[in-house]
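Contents: one structure, followed by commentary.
The values are calculated or read from the model by the stated rules, or taken from the named source; none is laboratory data. Since this is a predicted model, take the numbers as computed values, not measurements. Positions of Cβ are backbone-derived with ideal geometry, glycine not excepted, and every protein chain shown enters the neighbour counts. Keep in mind that these areas ignore ligands, DNA and RNA; they rest on the heavy atoms of the full protein, side chains included. Shrake-Rupley method; radii C 1.70, N 1.55, O 1.52, S 1.80 Å.
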Amino acid sequence: MEKINVAVIGYGGMGGWHTRHLLESDVATLCGIYDIKEERRQLARENGIYAYDSLEALLGDEKIELVTIAIPNDQHKEMSIKAMAAGKHVICEKPVTLSAKDLQEIFDAADKYGRLFTTHQNRRWDCDYLMMKEAYASGKLGNVFGVESRYQGSRGIPGDWRGQKKYGGGMLLDWGVHLIDQMLGIVYDRRIESLYCKFDHITNDEVDDGFKLDLYFEGGLTARIEVGTSHFVALPRFYMTGTGGSAVVADWRDACKLVTCDQWFEKDVKPVVTSAGLTKTMAPRDEKTTTESYIERPVSDVHDFYRNYCKAIRGEAEMIVTHAQLMRVMKVMEAAFKSDELGMPVKLEDTIC
Ligand code: NAD
């Protein structure tokens, strides 16, 4: 495939990541960056990367076919539309916009200017997610009725623009967008009927510094997505349970452990002695009625995101991260904001995509 000429807008934490990983994907040539701050442009030069002096210079450079946008969230829409109007294909960082209306405007602009637009949903290549996707799709757990996905840190919300509402800060927009996208990838075959979301404000009053989001899927499946930034011991990264077994990924670096039930009834359950009495109901099972197995971490290469998108630009592949999927995630986030504001569950007109 002929390589794509690319430029990166925003040379901060994620912009730097893009400059390295686009090149490692071997499908793109990095032509330069533009950052609004001279000190970041200077840093790029020191790193051997060409820095455009202005946005206009970058967008006016006819050899650039694709721009990757890695600037604060509130500016994504305007920058994406500007870049497409200038004839560039666009990869925009997540969360692509702050509302479904804004996202639709981007899609309309992509149609109007005939450009390919997508969002950097890189966490579709995370091994922990891929193993849970396999656990669900394998059917080994029977009828799955619970899935839990969590990221819990202990350093509070970052002190930069992520802590401020006007820049599109907050953990639902920052991490929620990934975890919702993953959950919709795991539970690929059911509509969401309603959801309930509650924000935390432990260290930040202005935006959520964590949240608990429950998605109620059809068929009685509840999925909990939880992000926290004041947790000094974390709960398992992923947990899934069904009528035939349970699965857990304790930490994102671990394999996925499955415990499946071979025989429902047990004759000789040994009671557990707690300080206040005995329980058979909650006594753990032994190996006579259950089997333990593992889904090993798969081989996954996040560079396939760029490879797919660049091939799509050349008309050689369909985009993996589609507009319909991005809109579905956006609508779930919008409903989650509404639910927190109302303090009650919210119904969804959801369709599977
Ligand atoms: P950052 O603050 O480290 O960097 C942002 C950069 O954009 C800064 O250097 C700033 O000077 C520059 N900038 C701001 N406005 C600009 C403009 N109008 N034109 C050009 N440059 C401008 O932030 P970050 O962590 O790099 O986050 C940037 C984006 O990347 C956000 O949307 C964030 O959500 C996303 N992100 C995605 C992932 C992921 O895994 N997909 C991870 C981290 C961040």
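Of the residues making up the stretch 131-154, just one is part of a loop (DSSP other than H, G, I, E, B) and among the hydroxyl-bearing types (Ser, Thr, Tyr), namely Ser154. Selection of the stretch 239-276 for residues being of a type outside the set (A, V, I, L, M), within 22 Å of Gly139 (Cβ to Cβ) and open to solvent by less than 50 Å² (accessible area, probe 1.4 Å) yields Thr241, Gly242, Gly244, Gly245, Ser246, Cys256, Thr260, Cys261.
Applying the selection to the stretch 289-302, what residues are open to solvent by 100 Å² or more (accessible area, probe 1.4 Å) and either closer than 15 Å to Gln263 by Cβ or touching a His at 6+ places or on another chain (Cβ under 7 Å) (or both)? Within the stretch 289-302, Glu292 is the sole residue that qualifies. In the stretch 1-82, counting only helices (runs of 4 or more DSSP H) that sit wholly within it, the ones holding 3 or more residues that are near the ligand (Cβ under 8 Å from one of its atoms) span 13-24.
So which residues in the stretch 106-134 are hydrophobic (A, V, I, L, M, F, W, C) and farther than 27 Å from Gly210 by Cα? Within the stretch 106-134, Ile106, Phe107, Ala109, Ala110, Leu116, Phe117 meet the criteria.
Tyr196 falls short of the stated requirement of being within 20 Å of Ala255 (Cβ to Cβ), open to solvent by 20 Å² or more (accessible area, probe 1.4 Å) and hydroxyl-bearing (Ser, Thr, Tyr).
Within the stretch 19-39, none of the residues are buried (at least 21 other Cβ atoms within 10 Å of the Cβ) and in contact with a Ser or Thr (Cβ under 6 Å, 6 or more places away or on another chain).
Could you tell me whether the stretch 146-156 includes any residue that is without any contact (Cβ under 8 Å) to a residue 40 or more places away in the chain and on the phi > 0 side of the Ramachandran plot?
no
Only a single criterion out of (1) modelled with pLDDT of 95 or more; (2) under 19 Å from Asp214 (Cα atoms) is not satisfied by Thr351, namely (1). Checking each residue of the stretch 277-288 against the condition of being assigned to a loop (DSSP other than H, G, I, E, B), out of contact with any Ser or Thr (no Cβ under 7 Å at 6 or more places or on another chain), surrounded by fewer than 17 Cβ atoms within 10 Å (Cβ to Cβ) and touching a residue at least 24 places away in the same chain (Cβ under 8 Å) gives at least one match. On the stretch given as the stretch 88-118, residues that are assigned to a loop (DSSP other than H, G, I, E, B) and surrounded by 17 or more Cβ atoms within 10 Å (Cβ to Cβ) total 9. The set of residues in the stretch 148-169 being surrounded by 23 or more Cβ atoms within 10 Å (Cβ to Cβ) and away from the ligand (no atom under 11 Å from the Cβ) consists of Ser149, Ile157.
Just one of the numbered conditions (1) within 16 Å of the ligand (Cβ to nearest atom); (2) open to solvent by 20 Å² or more (accessible area, probe 1.4 Å) is not true of Gln121: (2). Cβ-Cβ distances below 8 Å connect the following pairs, each with a first residue in the stretch 182-209 that is more than 26 Å from Ala324 (Cα to Cα), a second residue that is charged (D, E, K, R) and part of a loop (DSSP other than H, G, I, E, B), and a separation of six or more residues or different chains: Phe199/Asp208; Asp200/Asp208; Asp200/Asp209; His201/Asp208; His201/Asp209; Ile202/Asp209; Thr203/Asp209.
Can you run down the residue pairs with Cβ atoms below 7 Å, 6 or more apart or on separate chains, where the first is in the stretch 11-28 and closer than 15 Å to Met1 by Cα and the partner is open to solvent by 30 Å² or more (accessible area, probe 1.4 Å) and assigned to a helix (DSSP H, G or I)? From residues that are closer than 15 Å to Met1 by Cα, the pairs are Ser25/Arg307; Val27/Arg307.
Scanning the stretch 303-324 for residues that are crowded, with 16+ Cβ neighbours inside 10 Å, out of contact with any strand residue (DSSP E or B) (no Cβ under 6 Å at 6 or more places or on another chain) and assigned to a loop (DSSP other than H, G, I, E, B) yields His303, Ile320. Answer with yes or no whether Ala100 is more than 12 Å from the ligand (Cβ to nearest atom) and of a type in the set (Gly, Ala, Ser). Yes; evaluated as a whole, the condition is true for this residue.
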